[in-house]
Each structure stands twice: as structure tokens, then as C-alpha cells.
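Q: Shown below is the structure under consideration.
The values are calculated or read from the model by the stated rules, or taken from the named source; none is laboratory data. No experiment lies behind these values; they were computed from the predicted model shown. Counting neighbours? That spans all protein chains shown, and the Cβs are built from the backbone with ideal geometry, glycine included.
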Amino acid sequence: MNKRVQGNLMLLLTAMIWGMGFVAQKAGAELEPFTYNGIRMMLGGIALLPVIAWMQTAKRKREIPSLGEQKKEHSKDNDVTSLRSSIWGGICCGLLLCIASNLQQFGLYYQTDAGKAGFITSLYILFVPLLGIFLGRQIRPRIWGCVALGCVGFYLLTMAGKSAGITVQTGDLFVLLCALVFAGHIMAVDFFSERCDGMVLSCVQFLTAGILSLVLMACFEHPTWEQIISLWQPLLYSGVISSGIGYTLQVLGQKHAEPTSATLIMSLESVFAVIFGVLLMGERITPVEGLGCVVIFIAVIIPQLPQKGARQIDET
């Protein structure tokens with residue numbers, strides 16, 4: 001098995017883990033949102049600590065022992081600078097992650113299904129280029145078409161066929177806002193990732209989001225230890241497996257996978273959210289809602305497909 005196939009399989013497993021994460025979040029929605037996210041984010045940050053230690057050890061082993069003292073000092077200075085950037089970047093990204101994840105959890109708390117939440121959240125892929133307008137970036141024409149298509153899919157998934165007419169559930173609106181903030185989070189990660197250690201940044205952002213959520217929990221919620229202990233399984237899955245293991249598999253898989261293939265495979269997260277929601281939680285999707293899922297998935301996939309003109313430019 002070549003490395004590219006191995007990378008694609010790792011990313012497929014990542015999509016499955018993250019899709020299952022929506023089910024865990026829905027199961028954990030018995031806890032109030034700030035409580036659930038505070039605990040799972042802290043678990044996610046702590047789970048990444050041994051991964052970071054392992055990667056740092058592997059990095060030291062790869063270094064050439066015969067490096068001169070001047071080069072060693074220069075390497076140490078670079079490491080310190082990278083660590084500082086990773087911490088500040090992680091704090092900034094963690095603030096956005098805290099807002100996005102809590103909006104998402106509030107959506108699930110207000111009875112949005114795990115499968116629907118997965119597809120609505122995937123709309124962040126369309127929001128990213130829209131936010132790019134404020135940075136002076138141009139939007140390709142087909143992106144506008146996909147945005148319109150995504151709006152149609154959102155309507156079919158959340159509003160079509162409702163007896164009350166054109167209405168949207170509170171939970172669906174929270175998840176839509178979550179997708180918008182996640183788009184900002186992705187842009188922030190993209191900005192800082194070029195200047196930081198990706199794993200350290202991820203760890204710091206999880207810890208930042210966890211601490212902020214726990215502070216909000218102390219201010220607005222009143223959980224009991226009995227509630228927390230009774231939901232240890234979804235908390236452990238969301239924190240350790242979905243965050244720690246899922247992110248590590250993503251990093252390892254993307255090293256060998258093509259960028260377009262990687263994004264397409266990870267987009268299957270929303271599909272797995274529906275599958276696991278039906279199999280494990282007995283969720284039911286009407287034909288109209290299923291059509292909405294398909295339309296959203298198409299709208300999300302099209303922008304990731306390479307254009308012929310772009311391919312020709314790359315080849316010249």
C-alpha cells in the first residue's frame with residue numbers, strides 16, 4: 001500500500017470519527033452547552049499533550065548531531081519564536097473556537113438532529129470565500145452559484161414542508177451561525193499556521209476554548225457531578241477521540257494526500273453524521289430533508305473541484 005492510499009484512508013477514518021462526533025455531541029446535549037464544551041475541550045487539549053511530546057522527540061532524533069553551536073542556537077531561537085506565535089495564535093483561534101463550538105452545542109441542545117447539524121455546519125466551506133471579500137479577495141462565479149445552491153439546500157433541510165410555513169427552528173439557526181464563525185476560525189488558523197507549530201496551536205486553542213467555556217459555565221449554568229459522570233462516554237469520545245486522535249490522523253493523512261482529495265474526503269464528515277445519527281440515535285430524515293442534504297453536499301463539493309483553467313496554469 002503506497003503512502004497516498006494510506007493518507008487517504010487516514011483522512012477517511014478522520015471523517016468517520018468527526019461524523020460520529022456529532023452523535024456524541026447530541027448524546028451529550030443533556031448537559032448544558034458551556035459545561036459540555038468546557039469539559040470536552042479541556043480533554044481535547046490534554047489529549048494532544050502526549051502527541052506533541054512524541055512529535056518533539058521524533059524531531060530531535062531527526063536533527064543532525066554534528067550541527068555547529070551557532071546553528072544549534074539559531075534553531076533554539078526559531079523554536080522559541082514558533083512557540084510564542086503558537087501560543088498567541090492558539091489563544092486567538094481558541095476564542096473563535098469557543099464561540100463556534102458553543103453555538104453548535106446550543107443548536108444540538110435545542111433539538112437539532114446530529115445529521116442535520118453535520119450538513120448545516122459544512123456550509124462553512126461556502127462562508128470562507130464570502131468572508132474573503134473583506135480581505136480584498138475575488139470570488140469565482142461558481143462560488144456564488146454554490147452559495148445559492150447551499151441556501152436552497154438549507155431551506156429544504158430545515159424549513160420545507162413545515163406546517164407553520166417558512167420558519168426555522170432555533171437550533172438550526174444556532175448551527176448556521178456556528179458555520180459562519182467556523183469559517184472565521186478556519187481563516188484564522190490559515191493565517192497562524194504558516195507561523196506556528198500546528199499541533200501546539202491546536203492544543204492551545206482547545207485549552208483556551210475549554211477554559212473560557214468553563215468560566216461561562218460557572219457564570220450561567222449549574223451542572224451536577226452526577227450529570228457529568230453519567231455522560232462520560234460522549235464526553236470522552238468528543239474530547240479524546242474526536243479532538244485528539246481525529247486531529248492527529250488529519251495531520252498525518254494530509255502529509256501524503258493531495259489537497260483536493262483531502263478536502264473532498266473530509267467533507268464526508270457530514271454524510272457520516274447522518275449515517276451514525278440514523279443507526280445509533282434512531283433519527284429519521286424525510287425525503288425532502290434528504291434532498292436538502294444532497295443539495296448542500298453538492299454545493300460544498302463543487303468549489304473544491306479543480307478548474308480546467310487552473311490546471312492548465314499549474315502545468316505550464
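Q: Just to be sure I understand the filter: pairs with C-beta atoms under 9 Å, separated by 6 or more residues or on different chains, first member in segment 127-146 and over 19 Å from Gly184 (Cβ atoms), second member in a loop (DSSP other than H, G, I, E, B) and modelled with pLDDT under 80. Which pairs pass?
A: Arg140/Gln307; Arg142/Gln307
Q: Just to be sure, is Phe127 modelled with pLDDT of 85 or more and farther than 14 Å from Phe22 by Cα?
A: Considered against the rule, which asks whether it is modelled with pLDDT of 85 or more and farther than 14 Å from Phe22 by Cα, Phe127 comes out as yes.
Q: In addition: Taking Arg137 as meeting all but one of (1) under 26 Å from Gly244 (Cα atoms); (2) of a type outside the set (Phe, Trp, Tyr); (3) part of a loop (DSSP other than H, G, I, E, B), write down the number of the exception.
A: (1)
Q: In segment 251-284, how many residues are modelled with pLDDT of 80 or more and within 26 Å of Leu49 (Cα to Cα)?
A: Of the residues in that region, 2 qualify.
Q: Still on this model: Do you know which residues across segment 242-295 are touching a residue at least 12 places away in the same chain (Cβ under 8 Å), part of a loop (DSSP other than H, G, I, E, B) and not basic (Lys, Arg)?
A: Listed by number, the residues that qualify are His256, Ala257, Glu258, Ser267, Leu268, Glu283, Ile285, Thr286.
Yes or no, residue by residue, for (1) at pLDDT 80 or above; (2) on the phi > 0 side of the Ramachandran plot; (3) within 21 Å of the chain's Cα centre (by Cα); (4) surrounded by fewer than 22 Cβ atoms within 10 Å (Cβ to Cβ):
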{"position": "Ala114", "(1), (2), (3), (4)": "yes, no, yes, no"}
{"position": "Ile139", "(1), (2), (3), (4)": "no, no, no, yes"}
{"position": "Arg142", "(1), (2), (3), (4)": "yes, no, no, yes"}
{"position": "Val147", "(1), (2), (3), (4)": "yes, no, yes, yes"}
{"position": "Val175", "(1), (2), (3), (4)": "yes, no, yes, no"}
{"position": "Phe192", "(1), (2), (3), (4)": "yes, no, yes, yes"}
{"position": "Met199", "(1), (2), (3), (4)": "yes, no, yes, yes"}
{"position": "Thr208", "(1), (2), (3), (4)": "yes, no, yes, no"}
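Q: Also, I was wondering about something else. For segment 17-58, which residues satisfy the criterion of being under 18 Å from the mean Cα position of the chain (by Cα), surrounded by 24 or more Cβ atoms within 10 Å (Cβ to Cβ) and among the β-branched types (Val, Ile, Thr)?
A: Val23, Ile39
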